[in-house]
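Working notes, beginning with the structure itself.
The values are calculated or read from the model by the stated rules, or taken from the named source; none is laboratory data. Fair warning: this is a prediction, and the values are worked out from it, not measured in the lab. No Cβ is skipped: glycine too gets one built from the backbone with ideal geometry, and neighbour counts run over all protein chains shown.
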Amino acid sequence: MKYRWIRLCQWLLGILGISAVINSCELLDNREMPVEYGQPNMNYSVKGKVVDAKSGAGVAGIEVCHIPHGSQVDTTGTDGSFEISGNTFPTEKLEVRIKDIDPAKDGNYKSTETTVQLKQVKEGDGRWFKGTFEASGAVLKVEEDNQ
């Protein structure tokens, strides 16, 4: 009895598997059905400068980070310049966190979060990849923390 039950299950699973393959390979309206995995995404690049809100001078030692994805991080150079790039869910506004990581060196600045407006510079493939977006010349302002 046990052997018959196992053979029946194998037969049913075989039929189910074959029907799944046949259905996944069918053409719809004489067009090929695209097979897609993952989620919509885009490439992005943000180049800019972090400046003191009062003086407008570039601030060194400020960490610029794409949130919520903390792996795209850069620290500003001596003139306040930075560049972050990566791949994320499609958006025209990128959220970034600005954090002073060396307050003893260049003054103490408040951590803040801001939005950078992106512009599409390259079209996607019409499926999951939405293209390449950039913001060049972004100016992010930081305020001194007088505490």
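Can you name the residue in region 56-75 that is more than 24 Å from the chain's Cα centre (by Cα) and touching a residue at least 12 places away in the same chain (Cβ under 8 Å) and, of all such residues, is surrounded by the most Cβ atoms within 10 Å (Cβ to Cβ)? First the steps, then the outcome.
Keep residues of region 56-75 that are more than 24 Å from the chain's Cα centre (by Cα), which gives 56-60.
Okay, now just the ones that are also touching a residue at least 12 places away in the same chain (Cβ under 8 Å), so 57-60.
Values: ALA57: 11, GLY58: 19, VAL59: 24, ALA60: 16.
Filtering first and then ranking leaves VAL59.
Exactly one of (1) surrounded by 15 or more Cβ atoms within 10 Å (Cβ to Cβ); (2) modelled with pLDDT of 95 or more is unmet by THR88. Its number?
Every condition holds for THR88 apart from (2).
Of the residues LYS110, LYS93, LYS49, which is exposed (fewer than 15 other Cβ atoms within 10 Å of the Cβ), at pLDDT 90 or above, touching a Ser or Thr at 6+ places or on another chain (Cβ under 9 Å) and not polar (S, T, N, Q)?
None of the other options fit; the residue is LYS93.
Among MET33, MET42, which is the only one that is at pLDDT below 95, in contact with a Pro (Cβ under 6 Å, 6 or more places away or on another chain) and surrounded by 10 or more Cβ atoms within 10 Å (Cβ to Cβ)?
None of the other options fit; the residue is MET42.
If I ask for residues that are closer than 13 Å to VAL64 by Cα and of a type outside the set (A, V, I, L, M), which ones from region 87-101 would you list? Even if it seems obvious, please write down each step before you answer.
Initial filter on region 87-101 (closer than 13 Å to VAL64 by Cα): 94-101.
Passing the criteria: GLU95, ARG97, LYS99, ASP100.
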